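One structure is given here, and the rest of the page talks about it.
Since every read-out is calculated from the coordinates, none of them should be taken as a lab result. What you see is a predicted model; the values in this text were computed from it and never measured. Note that each Cβ is placed from the backbone with ideal geometry, even for glycine, and that neighbours are counted across all protein chains shown.
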Amino acid sequence: MKQAHLELAQCREIGLEAFCGYEVTRGNRELGRYARGLCGGCPVITECANEALDLEDVGTIRAGVAIGDQQTWRARAALEFCAAHGYPATSLDVAVQWGLKYGVRPRSNAGPRD
């Protein structure tokens with residue numbers, strides 16, 4: 001992260017172990033809540049999301065998104081949502097974002113807003 005943004009980031013005082021070493025699997029709501037909790041309310045979350053997209057970060061938590069060993073479409077959609085709206089995306093936000101981008105409606109069982 002750029003130095004100016006890093007100075008304002010919530011994570012500057014949290015150790016790296018808080019952001020790495022997780023098995024990211026689809027539907028892991030506990031990890032999703034943890035990631036959103038780490039980054040929710042951060043003043044530079046938009047910049048963090050944009051940087052994660054630009055650098056194609058993997059194996060970490062960025063902008064409230066747990067990213068596995070590759071950036072899946074879900075992770076990219078969550079980062080795009082965060083970059084556009086300034087707060088971490090839920091699974092429902094990702095489904096709606098994907099649907100708007102590609103002209104499809106999310107399934108009715110996309111899951112509760114967690």
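Here are a few things to note about the model shown:
- Ranking of Glu51, Glu56 by count of other Cβ atoms within 10 Å, fewest first: Glu56, Glu51
- Note, ³J(HN,Hα) from phi for the range 41-46, Karplus 6.51, -1.76, 1.60, rounded to Hz, x at Gly and Pro: x, 5, x, 10, 4, 5
- The relative contact order of the range 3-102 comes to 26 percent, based on Cα pairs under 8 Å that sit 6 or more residues apart.
- About the centre of its Cα atoms, the range 3-102 shows a dipole size close to 440 debye [charges on the beta carbon of Lys, Arg (+1) and Asp, Glu (-1) only; nearest 20 debye].
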